[in-house]
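Only one structure is covered here, and it is reproduced in the block below.
No value in this document is a laboratory result; all are computed from the given coordinates. Worth saying up front: this structure is predicted, and the values here are computed from it rather than measured. So basically every Cβ, Gly included, is an ideal-geometry build from the backbone, and we count neighbours across all protein chains shown.
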Amino acid sequence: MNTEPGFLRRAWLHDKALDSLKVALAFAGVLVFYFVTDLEQWLVGLLLGVIACALAETPDRFVGRLQALLVTLACFAIAAFSVRLLFPHPWLFVLGLGISTLGFVMLGALGERYATISVAAIILAVYTMLGLSQHGSFPTQFWQDPLVLLAGASWYGCISLLASAIFGLRPARQVIAQVFDSLAIYLELKADLLEPIAGRDINTQRLALAAQNGRLVGLMNRAREILLLWAQGKHPARGSQSLLHWYFLAQEIHERTSSAHYPYDALAKAFARSDILFRCQHLMRAQAECCKRLAEAILSSSPYAGSQYENAARQELGLALTYLQTQNAPCDTGLLDSLADLCRNISTIGTLLAKAAMSSNIDIVQDNTLRDYNPKTLAEIWQRLREQVSPPSKRFRHGVRLAVALAAGYGLLHAFSLPQGYWVILTTVFVCQPNFSTTWQRLGQRIGGTLLGLCAASLFISAFPHHLAQLALLLVSGVAFFVFRANRYMLATACITVLVMICFNQFGSSYALILPRLVDTLIGSALAAAAAAFILPDWQGKHIHHAMARSIKLADIYLGEVLCQYREGKRDDLPYRVARRDAHNADAELSTTLSTMLAEPGRYRMAPEATLRFLHAGHSLLGYISALGAHRERIENWQQDAQITATERHIRASLQGIANALDSHACTQITDFEPIPEARSAQASANPVERRLMRQLRVIEQLLPELAELASAFAREATPKHQD
């Protein structure tokens with residue numbers, strides 16, 4: 001009896017539920033207008049206006065959403081009326097198409113909101129072309145096509161504003177819940193590394209962990225951007241401070257989860273006959289379940305209950321560690337201390353999650369300021385645009401690439417008089433991405449989705465010729481497009497193809513559209529691929545060494561911030577959090593760049609084996625630094641200050657040397673560094689925090705020769721191609 005309400009509740013909490021409802025209401029409103037007025041010539045324009053405005057939408061509060069809607073409608077009006085004005089003049093039109101496309105793409109340099117609006121404006125311009133091309137001769141009313149599109153966009157905008165007023169905190173809750181869901185996956189993957197079984201494929205596990213870390217870091221960046229809108233400013237939204245605390249809790253757990261206290265294969269070998277690592281693994285999986293339940297609680301605004309099972313597993317782990325420490329079994333003291341740090345770190349994650357169950361106002365940090373990188377003044381806007389308008393800028397290169405591709409598509413449809421030829425331009429807009437590998441992936445999805453949609457629409461129209469049945473499918477396919485467009489683009493393409501076929505079938509011309517739609521998709525996809533490959537191509541292999549160097553540089557800065565707090569005391573202030581986030585962002589960027597490079601043609605892959613191994617080593621370096629950050633506390637009376645300072649200088653100088661060598665494609669090596677005998681003998685008498693610091697620095701130091709060798713191997717393998 002309770003199954004159906006539970007299912008409906010889970011469906012409503014889905015991250016696509018509210019967006020799907022808004023699109024469904026907008027489409028339903030257009031269909032009602034169509035039935036009441038019988039203005040069938042406006043149906044397609046209104047629907048396309050709704051789609052364009054929905055594509056331009058980004059999460060925001062009511063006031064921000066209103067401002068974004070006004071900017072969106074202004075951009076749409078400029079795009080639509082410009083197309084209508086220049087459409088009869090091909091040479092002026094193609095010039096305006098190229099300039100406006102580049103201008104809209106560069107507008108995205110001002111932030112995510114403007115990037116989304118600019119792409120939607122280009123799409124609406126193509127929709128205007130599609131509408132004008134259907135008339136054969138131009139309509140007598142200059143305003144008709146642009147205003148119909150703007151009416152559809154305004155209608156969806158009103159629904160969006162209403163939803164923003166009613167469900168104010170929902171987008172922020174959703175993204176924080178997604179962070180904890182992703183954190184749960186990261187915990188599970190990290191637990192897999194603790195498996196004390198010989199013969200495991202550690203490298204594959206590390207690669208999966210690095211990839212998930214990249215996804216988690218991306219979600220945390222998105223959460224930060226959304227929380228800037230809700231939780232900061234003169235008037236924070238009611239309830240947003242709790243979400244801000246959840247965000248900082250996720251950051252704290254992420255730092256502890258990403259920590260590495262010693263090479264895991266060495267720990268697995270040393271404690272292979274003990275169940276201690278199994279208990280660590282078991283506890284981390286229990287904590288992953290806690291993160292999932294916490295995500296559900298945040299999303300549904302319900303209290304989060306801690307896990308008694310996790311508490312019991314944490315206590316058992318402590319008892320197992322105590323038992324192991326009291327035994328006289330032969331074991332390296334340093335390894336046992338590293339194991340103790342690992343257990344302490346995992347137990348602290350459980351303590352944080354248990355604390356989360358006690359109160360929704362978790363006091364994780366004292367300084368809860370988030371840094372906003374978006375420009376605020378006209379001078380900052382001008383500076384941002386000026387920096388981006390240059391050939392090295394990825395955004396500028398993509399803008400030029402897209403502008404040339406659209407101009408070429410316009411030339412082709414006129415040269416060969418392609419029926420429905422403006423689908424070529426629309427396909428190019430959707431397929432052409434900032435780099436070749438994502439463009440190539442989108443190309444296959446677009447063609448496959450178009451074929452699937454054409455077949456599905458043809459079969460449905462034949463089986464259900466009734467007018468109302470087809471309009472119902474139009475509504476369903478339109479909603480499904482927005483459900484699938486982010487994660488399953490091929491299905492999204494199939495759905496939008498079905499929608500287009502149904503629209504044209506209302507005028508009796510759907511079957512005549514099948515072949516032109518398929519041909520135009522193939523031509524537009526080919527243009528996008530050619531543009532990505534030959535017009536200012538952005539081959540990842542040509543600058544992956546800069547991503548490698550950046551990951552080392554920012555890890556070095558993060559290390560400096562961590563070590564500073566061992567002298568001055570722990571504080572999660574903004575500079576520390578920025579250094580930590582930048583280091584993780586650089587690690588995630590390297591992982592993304594590598595995976596993108598591996599999907600490019602072979603001649604553009606720069607030393608893939610060395611780069612992959614460098615990614616593993618760099619992720620280990622970040623883990624060792626994170627472990628220092630997780631355990632940081634002030635050392636009152638330094639007994640080995642001189643030795644620690646010398647080790648720190650050696651490590652940081654070596655990291656800077658490796659980064660410089662990567663930037664310049666040069667080989668490098670690490671000079672040997674040995675602690676002086678007096679300092680080495682004094683380690684036993686140092687306090688526990690100091691010993692932990694020295695032990696962790698030593699692990700980092702032992703990694704330096706591997707990083708230097710991999711940087712040199714990259715330089716040797718990549719130099720011939722780099723010279724090409």
(message) Against the 2.2 N^0.38 Å scaling, with N counting residues, where does region 540-723 land? I'd like the Cα-based Rg ratio to two decimal places.
(response) 1.10
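Can you give the helix-only mean residue ellipticity at 222 nm for the chain, where every DSSP H stretch with n ≥ 4 adds -39500 (n - 2.57) and the sum goes over all residues, rounded to the nearest 500 deg cm²/dmol? Present the calculation step by step, with values, prior to reporting the outcome.
Working: 27 runs with 549 residues, N = 724.
Calculated from helices alone, the mean residue ellipticity at 222 nm is -26000 deg cm²/dmol.
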(request) Measure of size requested: the Rg and Dmax of region 260-353, with Cα atoms as the atom set and Å as the unit; please supply both. (result) 15.2, 52
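Quick one: if the Förster radius is 41 Å, what FRET efficiency do Q315 and A666 give, using the C-beta to C-beta distance and rounding to 0.05? Mind dumping the intermediate values first?
On the way: r = 53 Å, r/R0 = 1.29.
Efficiency for this residue pair is about 0.20.
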(message) For volume of the Cα convex hull per residue in Å³, pick the label among (i) 177; (ii) 228; (iii) 186 that corresponds to the value derived from the coordinates.
(response) (iii)
(message) Cross-link candidates for K376: which aspartates and glutamates have Cα within less than 15 Å, leaving aside residues fewer than 8 places away along the same chain?
(response) E112, E225
(message) Between E289 and R386, what's the calculated FRET efficiency when r is the beta-carbon distance and R0 is 51 Å? Round to 0.05.
(response) 0.55
(request) Rounding to the nearest 20 debye, state how big the charge dipole of the chain is about its Cα centre with +1 on each Lys and Arg Cβ and -1 on each Asp and Glu Cβ. (result) 860
(message) What FRET efficiency comes out for R716 versus L536 if R0 is 41 angstrom and r is the Cβ-Cβ distance? Round to the nearest 0.05.
(response) 0.90
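Could you list F7, F396, F62 in order of exposure, starting from the residue whose Cβ has the fewest other Cβ atoms within 10 Å?
Values: F7 10, F396 19, F62 15.
Sorted ascending by nearby Cβ count, the order is F7, F62, F396.
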(request) Report, in cubic angstrom per residue, the convex hull volume of the C-alpha atoms of region 594-641. (result) 97
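For S664, S240, which order do you get if you count the other beta carbons within 10 Å of each Cβ and list the fewest first? Write out the running numbers ahead of the final one.
Numbers: S664 12, S240 21.
Arranged by neighbour count, lowest to highest, S664, S240 become S664, S240.
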(request) Distance between Cα centroids, region 114-193 to region 524-554: provide it in whole Å. (result) 27
(message) Between 0 and 90 degrees, rounded to the nearest ten: what's the tilt of helix 90-107 against the longest Cα principal axis of the chain?
(response) 30
(message) Neighbour counts of other C-beta atoms within 10 Å: give me R65, R401 arranged from fewest to most.
(response) R65, R401
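Starting from the coordinates of the alpha-carbon atoms of region 135-250, obtain the Kirkwood hydrodynamic radius over all distinct pairs and give the value in Å to one decimal. Spell out each step's value before the answer.
Values: mean 1/r = 0.0550 Å⁻¹.
In region 135-250 this quantity evaluates to 18.2 Å.
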(request) Any chance you could run the full-extension gain for K269 through A653? It's 0.36 nm times the residue separation minus the Cα-Cα distance, nm to one decimal. (result) 135.0 nm
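What trypsin sites (Lys or Arg not before Pro) does region 562-600 have in DSSP loop regions with at most 16 other beta carbons within 10 Å?
On the way: sites: R567, K570, R571, R577, R580, R581; in loops: K570, R571.
Those that pass, being in a loop and sparsely packed, are K570, R571.
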(request) First obtain the Kirkwood hydrodynamic radius of region 470-606 from its Cα pairs, then insert it into the Stokes-Einstein equation at 10 °C and 1.306 mPa s, and state the resulting D in µm² per second as a whole number. (result) 81
(request) Please go through the residue pairs K16/K190; K190/K355; K16/K292; K394/K553; K269/K570 and name each one whose alpha carbons sit more than 24 Å apart in this structure. (result) K16/K190; K269/K570
(message) With angles folded into 0 to 90 degrees, how steeply does helix 43-55 sit against the dominant principal axis of the chain? Use alpha carbons for both and round to 10.
(response) 20
(request) Please report, in whole Å, how far the alpha carbons of region 8-168 spread along each principal axis, starting with the longest. (result) 54, 43, 23
(request) Rounded to the nearest 10 degrees, what's the angle between the helix 202-231 long axis and the longest principal axis of the chain, both from Cα atoms, 0 to 90? (result) 60
